[in-house]
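A short write-up of the structure that comes next.
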Amino acid sequence: MSRQRWWRGLRARVTVAYAVGSLLLSFTVAGATFALARAQLLEAAESQHREQAYTNAKSLRANLQTALEEGGSADGSQVDINAFLANLSRFNGSQQALLLNESTWYSPFTIQDQLQGYPQLIDGTRRWSVADMRIDVAGTVSYAVGIRLDSINATYFEVRSLADLESTLSSLRAILIGVATLASGAGAAFGYYSARRALTPLSRISTAASAIADGDFTMKLDLEDDRDLALLGSAFNNMVDAVGHRIERERQFTSDVSHELRSPLMTLTASVEVLERRKDSLPDVAQQAIELLSHDLDRFQRLVQDLLEISRMEAGAVQLQISQFLLIEFLENVMTQSRNPGLLMNFSPGDSDLVVSADKRRLAQVMTNLIENAEKYGGGATGISYEVVDDDVQIVVEDNGPGVPAEERDRIFERFARMGGVAGNRAADAGFGLGLSLVGEHVRLHGGQVWVTDRIDGQHGARFVVQLPLGPDRALHEEMAS
Amino acid sequence: MGTKILTVEDDERIRQAVTLALEEEGWDVVEAATGERALETFIASPADVVLIDIMLPGIDGFEVCRSIRRTSDVPIIMVTARSDTHDVVAGLEAGADDYLTKPFAPKELSARIRAMLRRVRAHEPGTLERTKIGELEISPDEGMVLRNGEELHLTKTEFKLLVELASQPGKVFSREVLLERVWGYDYFGDGRLVDVHIRRLRTKVEADPASPRYVVTSRGLGYKLQP
């Protein structure tokens, strides 16, 4: 899990998708709003300015006509045209100019230079009598209208700054950007929240799934509070029930089969024993057959016992019969039983009175299985030793066989796993691979661990270590020594 | 006439095979297929050892065991399905002296029977003199225990256990030692045999079995007879 990049997580992806989506949406809406608002505001302002310009143009024409008729020269030199123009500007801050006889410019504001920079405006007035356009006056966007006054052979220009409008628009733009940014952030936050909310059932499912993986089939997933997920919840629960029942059935089957096998086994054991007693009076062939029968009956019996033991462990029905005993005495008895004269026991003298708390018969089975395993695959156990390590005791069984390859060291404690790499050692009577699996189960039931390594003294061979926790009563009761 | 063994087992083939094998070992065998038949047979002609399968149709092995115990201290061996269930303790508490798990080897059963008969018949005289410990008076040769002059009814196994503990009053006997001396088991015998028999012994010899005065537990390592 930790190796996955955070952005590959579902939650991160949903959050990013929401953020990008809301960013695009809010900026598109904001942009469109701004463009529309700008067009409308400009249109309104310009049409108002145009109306004003018409009115001004009419009044100028009337005034100028009168003034020119009253005594001014045709070139207007006797008339103060600039004063007329300045008078028109008084109310709204607009700037005026007049082009008389296509040659002489008048303007109290000297904007004729700017206007001359826009010949298309001047040409437009000649062609259509009226023309308007947005022009740039000293860095400010302004609206210019030109109106042809044919009766006095002049063109009236009025320029009005749009700076106010531009500042309104830039405020609007700032507001819209702010709102869009907030909306994007809110979108991302909502995405994160809803992803988290959407994923909550998933995390509940994964909790339930791990509990089930650990064998808890009573685990129920409660998603009833969510109508969309209730169906998933009930499907999940049904699946758990079905799997649980199936496993229970198989467990029960294994248990029943093993139980059922015991009755015929009992008859067989008793009958074969009678045959064995009478073996000497039978022909050679029959004797051989009885030997085979007896040997494999033994093997069969052990297999059934192991299977029963394992099915009981799976059903959680095993109860350890813990008692305290001297480890050295226990191991000596195990070694006597194993009838392996080459077996040596090593321990430090200080630990000769070590008392352990364990199920003696199960621990004996652990030791017997390890010793038998060494016989089958390691040419026989060479030594048993034990050592106190912190609060545990490690009981070690070593052989000088080929050892266990590193990749098989975990698998070897699984059911029916046999060391596949050790060719030739799999004799016909190698038995079934339940021995080490039972070792693992028993040791785990005792709260201990079992593992296998290479021998640490440099010789080749396997080293099986059973580690058991030491109870508080690790020191020998003095009365036992007598 | 040889030693008579009553075998109570409902599975006919098992019963036949076990009978065959036990007869091969030299015992006289009487069979019973049900608990009811077993009790009738036992009343008609008491056996020397009784082998009872716990799983019986009708009245079960525990009940058969309790019924026999009411009138007899005959050695009883239970046959149980498994060794780690409560069945074993329940069987021992019902009065069984020992148990075997199915499938068992008849040779093993014979060894158990011999160990039991040895403790019944061949209790070597002289290992323990007549002993008095507190209110208890143990007479090994007569197979009798008196408390305040009153005879206590112990089974043979309980008696042997008490005699064993009384052979060295104050000494702690581990379960392993008691298993070997009383039942003839090796080191890996089931310690519950000792525990349950000690409990039964206490109900008979102790005035207050919950806080024993004579048969004392020693820190989980064993038992001793407090002088």
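Odds and ends about this structure:
- Applying the Karplus relation 6.51 cos²θ - 1.76 cosθ + 1.60 with θ = phi - 60° to segment A:371-381 yields 3J(HN,Hα) values of 5, 5, 4, 5, 5, 6, 10, x, x, x, 5 Hz, where x marks Gly and Pro.
- Residue-wise HN-Hα coupling along segment A:228-238, computed from phi with Karplus coefficients 6.51, -1.76, 1.60 (Hz; x: Gly, Pro): 6, 9, 4, 5, 4, x, 6, 5, 4, 5, 4
- Chain B - Rg and Dmax from Cα coordinates, angstrom: 17.6, 53
- Karplus-based coupling profile of segment A:439-446, in residue order and whole Hz: 4, x, 5, 4, 5, 5, 4, 7, with θ = phi - 60° in 6.51 cos²θ - 1.76 cosθ + 1.60 and x standing for Gly or Pro.
- Chain B, helix-only ellipticity at 222 nm - DSSP H runs n ≥ 4, -39,500 (n - 2.57), divided by all residues, nearest 500: -11500 deg cm²/dmol
- Cut-off under 5 Å, modelled amide H: who pairs with B:Tyr185 long-range: B:Glu180
- Among A:Leu149, A:Leu172, A:Ile111 the positive-end extreme of the charge dipole of segment A:26-173 (Cβ point charges): A:Leu172
- Qualifying GluC sites (Glu not before Pro) in segment A:155-263, DSSP loop, other Cβ atoms within 10 Å at most 16: A:Glu224
- Here the simple spin-label model places points 7 Å from the Cα toward Cβ, and for A:Asn63 and A:Leu202 these points are separated by 7.7 nm.
- Interchain or long-range residues, amide H under 5 Å from B:Ser218's placed H: B:Tyr223, B:Lys224
- A/B buried area, accessible surface, summed, 1.4 Å probe, Å²: 3400
- P(r) weight above 52 Å for the protein assembly as shown, C-alpha pairs, percent: 46
- The overall shape of segment A:98-240, judged from the alpha-carbon gyration tensor, is prolate: a/c is not under 1.5, and a/b is greater than b/c.
- For segment B:177-210, accessible area lost to neighbouring protein chains reaches 10 Å² or more, against the chain alone with a 1.4 Å probe, at B:Asp186, B:Tyr187, B:Phe188, B:Gly189, B:Asp190, B:Arg192.
- Protection proxy ranking, peptides A:327-338, B:92-103, average beta carbon neighbours within 10 Å, highest first: B:92-103, A:327-338
- Taking the square roots of five times each eigenvalue of the Cα gyration tensor of segment A:327-400, the equivalent ellipsoid has semi-axes of 20, 13, 11 Å, listed largest first.
- Counting only other chain Cβ atoms within 10 Å of each residue's Cβ, the peptide A:268-281 averages 5.
- Looking at the protein assembly as shown alone, DSSP beta bridges between its own residues are antiparallel in about 75 percent of cases.
- Considering only alpha-carbon pairs that sit under 8 angstrom and 6 or more positions apart, the relative contact order computed for chain B is 13 percent.
- Expressed as a whole percent, the accessible surface of segment B:165-227 that belongs to carbon and sulfur atoms is 50, based on a 1.4 Å probe.
- For B:Asp60 and B:Glu108, a Förster radius of 22 Å and the Cβ-Cβ distance give a FRET efficiency of 0.40, rounded to the nearest 0.05.
- Using a Förster distance of 22 Å, the FRET efficiency for A:Leu231-A:Ser210 (Cβ separation, nearest 0.05): 0.50
- Relative protection proxy for A:273-285, A:104-116, from highest mean packing down: A:104-116, A:273-285 (other beta-carbon atoms within 10 angstrom).
- Helical content alone sets the calculated 222 nm signal of chain A at -19000 deg cm²/dmol, taking -39,500 (n - 2.57) per DSSP H segment of four or more residues and averaging over every residue.
- Accessible carbon and sulfur surface of segment A:301-351 relative to its total accessible area, %, 1.4 Å: 50
- Average beta carbon contacts from partner chains per residue of B:100-106, 10 Å cutoff: 6
- Reported to the nearest whole Å, the Cα centre-to-centre distance from segment B:54-104 to segment A:122-155 is 125.
The values are calculated or read from the model by the stated rules, or taken from the named source; none is laboratory data. Computed from a prediction, not measured in an experiment: that's the story for all the values here. Neighbour counts run over all protein chains shown; Cβ positions are idealised from the backbone, glycine included. To get the accessible areas, we keep the full protein, side chains included, count just its heavy atoms, and leave off ligands, DNA and RNA. Shrake-Rupley method; radii C 1.70, N 1.55, O 1.52, S 1.80 Å.
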